[in-house]
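To start, the structure under review is shown below, and the notes come after it.
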C-alpha cells in the first residue's frame, strides 16, 4: 500500500512549502480530530503537524472538511 502524507493544521503558504519538502500523495486536514486519526494508517502513513495542532491533542469536535482549491480563502 502506498504511503500517504497527512498535512494537519496547515494554512496559507505553509502547506505549499511543506509539500515541496515532504511530497505526496496528500490528505489535508484542517484540525487533528477523531476523523483525522481514523484516516491515518500508523504502519504506512506520515502525519505532518503545523500551527497549534499536536499529535497528542485530538479534538473531539470534528473540523470542517477541505473541499478543494482555495479552501483557505473565503468565497
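What follows is calculated from the coordinates using simple rules that are stated; it is not laboratory data. All values derive from a computational prediction rather than experimental measurement. Counting neighbours? That spans all protein chains shown, and the Cβs are built from the backbone with ideal geometry, glycine included.
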Handout entry: At R0 = 22 Å, FRET efficiency that the Cβ-Cβ distance of residue 34 and residue 11 yields, to 0.05
Key = 0.55
Problem - Between the range 43-64 and the range 8-37, the Cα center-to-center distance that results, in Å - result: 9 Å
Exercise for the section: With label points built 7 Å along Cα→Cβ from the Cα atoms of residue 26 and residue 49, find their separation and express it in nm. Expected result: 2.1 nm
Exercise for the section: State, to one decimal in nm², a quarter of the convex hull surface area for the C-alpha atoms of the range 5-49, i.e. the direction-averaged projected area. Expected result: 2.9 nm²
